[in-house]
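A short write-up of the structure that comes next.
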Amino acid sequence: DAGNTLAAVSTRLYAMGAARVYTAVLVTKDVPARPGLQEADFSALHAPNRWLVGCGMDYHGWLRNAPGIYALPPELEH
């Protein structure tokens, strides 16, 4: 959610000699940007800051393979 992986991969690609790195994510969430971390150049979906599951996103190892993207009920978000 915070962009740590995106920043690490971009940094590595630039270190390997890339002139330009474009990034893409499946979902961009409404989370305040943290200093030093980048935002994706492209995003397929925009969502509120909720815990999302499905399409590779999981809840403690569960629901990763759900056939869509779903937001957990607020009482399960922790």
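Could you count how many residues in the range 21-39 are in contact with a Phe, Trp or Tyr (Cβ under 9 Å, 6 or more places away or on another chain) and not in a strand (DSSP E or B)? Can you show your working first?
Filtering the range 21-39 for residues in contact with a Phe, Trp or Tyr (Cβ under 9 Å, 6 or more places away or on another chain) gives 21-25.
Subsequent filtering for residues that are not in a strand (DSSP E or B) retains 21-23.
Number of matching residues: 3.
Please enumerate the residues belonging to the range 1-20 that are without any contact (Cβ under 8 Å) to a residue 12 or more places away in the chain and outside any helix (DSSP H, G or I). Spell out the reasoning first.
So the first thing to find is which residues in the range 1-20 are without any contact (Cβ under 8 Å) to a residue 12 or more places away in the chain, and the list is 5, 8, 11-20.
Correct list: 16, 17, 18, 19, 20.
With respect to residue 75, determine if the residue is out of contact with any Lys or Arg (no Cβ under 9 Å at 6 or more places or on another chain), among the charged types (D, E, K, R) and assigned to a loop (DSSP other than H, G, I, E, B). Show your work before the answer.
Numbers: out of contact with any Lys or Arg (no Cβ under 9 Å at 6 or more places or on another chain): yes; among the charged types (D, E, K, R): yes; assigned to a loop (DSSP other than H, G, I, E, B): no.
In short, no.
When both residues are 6+ apart or on different chains and their Cβ atoms are under 9 Å apart, which pairs have a first residue that lies in the range 58-77 and is within 18 Å of residue 45 (Cβ to Cβ) and at pLDDT below 95, and a second that is surrounded by 10 or more Cβ atoms within 10 Å (Cβ to Cβ) and polar (S, T, N, Q)?
Matching pairs, first to second residue: 58/65.
Checking the condition surrounded by 10 or more Cβ atoms within 10 Å (Cβ to Cβ), assigned to a loop (DSSP other than H, G, I, E, B) and more than 16 Å from the chain's Cα centre (by Cα), which residue from 49, 65 passes? I'd like the intermediate steps shown before the answer.
On the way: 49 fails: more than 16 Å from the chain's Cα centre (by Cα).
When all the criteria are applied, what remains is 65.
Go through (1) over 25 Å from residue 59 (Cα atoms); (2) in contact with a helix residue (DSSP H, G or I) (Cβ under 8 Å, 6 or more places away or on another chain) one by one and return the number of the condition residue 41 breaks.
(2)
The values are calculated or read from the model by the stated rules, or taken from the named source; none is laboratory data. On a predicted model such as this, the values are computed, not experimentally measured, just so you know. Ideal geometry is used to build each Cβ from the backbone, glycine not excepted, and the neighbour counts take in all protein chains shown.
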